[in-house]
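One structure is given here, and the rest of the page talks about it.
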Amino acid sequence: MSARRTVSLITLGCARNEVDSEELAARLDAAGWRLGDEDPDIVVVNTCGFIDSAKKDSIDTLLAAADTGAKVVAAGCLAERYGEQLAEALPEAAVISFDDYTEIGERLDDVLAGKALKPHSPRDRRTLLPITPVARAAAASGASIPGHGAPSDGRRADESLPDGVAPASGPRTLRKRLGGGPVASMKLASGCDRRCTFCAIPAFRGSYVSRPPEDLLAEARWLAGQGVTEIVLVSENSTSYGKDLGDLRALEKLLPRIAATEGIERVRVNYLQPAELRPGLLDVITGTEGVAPYFDLSFQHVSGPLLRRMRRFGDAERFLDLLARIRERAPEAGIRSNFIVGFPGETPGDFDTLVGFLEEARLDVIGVFGYSDEEGTEAFSFEGKLDREVIDERVTALSELAEELTAQRAEERIGTDLEVLIDEDLGDGGYEGRAAHQGPEVDGSVTVQGIGLVPGRIVQAVAVDAEGVDLIARIKAGP
């Protein structure tokens, strides 16, 4: 084997995948692999397998990597979901499972040596853990859960690891930052116990498992030591945090503790289920210093009958009531959501109800997705499928409306005070950052003019103009 062993990691999909890639990076670093994008021996693509467009992007990326002449390994959700089926359809790539993550260095050694990896047969990962959430804590320590795993040889993560691998004081999770900047996602939990009829994620991500609070606090301290000042908590469903730990108020207790971590300026929570957003959690998110009043709410639709068909809860009236309760506590709160258009059985009336809701809701960011059949989901066999032409027309119409409405919402913020976390120095006295109502990458940004502003620090500003969902602000004068 060549003494030169370099691996390039390409991450597709959501922030949860980004955290998983940083676990892989740490494990590879500990195994003696060098991380780099210039002429790598192996390219590992951490794929996304959520919807058709994400699958296509993953396959295109794998093929492009193979064209470079490097050996290619498919990891992540698409690889886990399809296993041997993906390996047969894409012989250019070796396919690994989540179960291979603890031995990722050895797997790549085998690939580099020309040894064929036997791809796994996909299975429902929910069967790996007890059905009852509170019975999972002990069992989870023996399961392969990306973002949660202990070193394969049983050592703690603080024993004999290279510099920059998380962390010297715990937690068990291995992590190496792949990028700079003042913002980092941190995995709150993995898996999902919900049974939404359109979603295949629980089958290949497994049952819901919370990370212990002390592990999260230790990782937050480590991230702060790496220059991170904003932590974004991610999971498939953050409002379920703690149910398997025997404490439904665990997130309410955890958020103030993370926000109090030395060096951390702001904490935000992503992926909130409206049906599980308890009053106590709402109060903590809107009333705790250092916690962004930010609500990434998974509405998916607002037609009551259609939501029942999705095996979800709520309707337009209940959702508007929730938004009113949020804004009563924090008028400046940022609120975003995603919506599925063209779900089987969606009538013109259902679509009109969604349009009316968006016009009244004043959301900061609106994601619109056209329904696509996903193997292994209940909706795959539903009757009442809409023609693709109808779905595309509705997606276009709603996307155009969303663009107009979110621009209007941004204009409403002109004249308001903003706490802007500076992300980047643009040069010529310009800086790009994000206010508390703006999540990283997925939402808008704020451009401010100033002198000597420091990335990673929060400055007080006032919005003076808007361009789409983006704001332009000036630094507030001192007292």
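Checking the table LYS71/LYS187; LYS71/LYS118; LYS187/LYS243 against a 22 Å threshold on Cα-Cα, which pairs fail?
Working: LYS71/LYS187 29 Å; LYS71/LYS118 16 Å; LYS187/LYS243 16 Å.
Long pairs (Cα-Cα over 22 Å): LYS71/LYS187.
At a 1.4 Å probe radius, carbon and sulfur cover how many percent of the accessible area of the chain?
50 percent
Please state the relative contact order of the chain as a whole percent: Cα pairs under 8 Å, 6+ residues apart?
Working: 987 pairs, mean separation 47.0, N = 479.
It comes to 10 percent, rounded to a whole number.
For region 1-84, what's the relative contact order in percent, using C-alpha pairs closer than 8 Å and at least 6 residues apart?
Details: 121 pairs, mean separation 27.1, N = 84.
Relative contact order here is 32 percent.
For region 191-266, state the average projected area of the convex hull of the C-alpha atoms over all orientations, rounded to one decimal in nm². Show your work: numbers first, answer last.
Numbers: hull surface 22.2 nm².
Over all viewing directions, region 191-266 projects a mean Cα-hull area of 5.6 nm².
Say the cut-off is 25 Å between C-alpha atoms; which of LYS55/LYS385; LYS253/LYS476; LYS176/LYS253 go over it? Mind showing how you got there, number by number?
On the way: LYS55/LYS385 21 Å; LYS253/LYS476 33 Å; LYS176/LYS253 27 Å.
Listed pairs above 25 Å: LYS253/LYS476; LYS176/LYS253.
Restricting to DSSP H runs of at least four residues, report the calculated mean residue ellipticity at 222 nm for the chain, -39500 (n - 2.57) per run over all residues, nearest 500 deg cm²/dmol. Before the final figure, lay out the partial values.
Details: 14 runs with 154 residues, N = 479.
One gets -9500 deg cm²/dmol as the mean residue ellipticity at 222 nm.
Give the cysteines in the chain for which no other Cys Cβ lies under 4.7 Å away, or write none if there are none.
That list is CYS14, CYS48, CYS77, CYS192.
What's the extension gain from ARG195 to GLN460 if we count 0.36 nm per residue and subtract their Cα-Cα distance? Present the calculation step by step, with values, prior to reporting the outcome.
Numbers: separation 265, 0.36 × 265 = 95.40 nm, distance 4.29 nm.
So the chain would gain 91.1 nm between ARG195 and GLN460.
Roughly what % of DSSP beta bridges within the chain run antiparallel, to the nearest 5? If you can, show how the numbers build up before the last one.
Values: 23 of 66 bridges.
Of all bridge pairs located within the chain, approximately 35 percent are antiparallel.
Two-decimal Rg/Rh of region 9-63 from alpha-carbon positions, Kirkwood Rh?
Rounded to two decimals, Rg/Rh equals 1.00.
Quick check: pseudo-label points 7 Å beyond the Cα along Cα→Cβ at ARG249 and GLU424, how many nm apart are they?
About 4.3 nm separates the two model spin labels.
Taking only protein heavy atoms and a 1.4 Å probe, what accessible area per residue, in Å², does the chain have with all protein chains in place? Before the final figure, lay out each step's value.
Values: 20040 Å² over 479 residues.
Result: 42 Å² of accessible area for each residue.
How large is ³J(HN,Hα), in whole Hz, for each residue of region 205-210 in order, when computed from phi with the Karplus curve 6.51 cos²θ - 1.76 cosθ + 1.60 and θ = phi - 60°, using x for Gly and Pro?
In residue order, the calculated couplings are 9, x, 6, 6, 9, 7 Hz.
Hey, what's the per residue convex hull volume over the C-alpha atoms of region 263-406, in cubic angstrom? Mind showing how you got there, number by number?
Values: hull volume 17.9 nm³, N = 144.
In region 263-406, the Cα hull volume divided by residue count equals 124 Å³.
Report the rotationally averaged projected area of region 181-340 based on its alpha-carbon convex hull, in square nanometres. List each step's numbers first, then the result.
Working: hull surface 37.2 nm².
If you wrap the Cα atoms of region 181-340 in a convex hull and average its projections, you get 9.3 nm².
With θ set to phi - 60° and the Karplus curve 6.51 cos²θ - 1.76 cosθ + 1.60, what are the ³J(HN,Hα) couplings of region 430-435 in order, to the nearest whole Hz, using x for Gly and Pro?
x, 9, 10, x, 9, 7
Could I have the simple spin-label model distance between SER121 and ARG329, label points 7 Å from Cα toward Cβ, reported in nm to one decimal?
For the pair SER121/ARG329, the computed spacing is 4.8 nm.
Percent antiparallel among DSSP beta bridges with both residues in region 41-146, to the nearest 5? Intermediate results must be reported in sequence, preceding the final value.
Values: 0 of 9 bridges.
Given both bridge residues lie in region 41-146, the antiparallel proportion sits at roughly 0 percent.
The values are calculated or read from the model by the stated rules, or taken from the named source; none is laboratory data. Not measured: the values here are computed from a predicted model. Glycine also receives a Cβ, built like all others from the backbone with ideal geometry; neighbour counts cover every protein chain displayed. Side chains included, ligands, DNA and RNA excluded: accessible areas come from the protein's heavy atoms. Shrake-Rupley method; radii C 1.70, N 1.55, O 1.52, S 1.80 Å.
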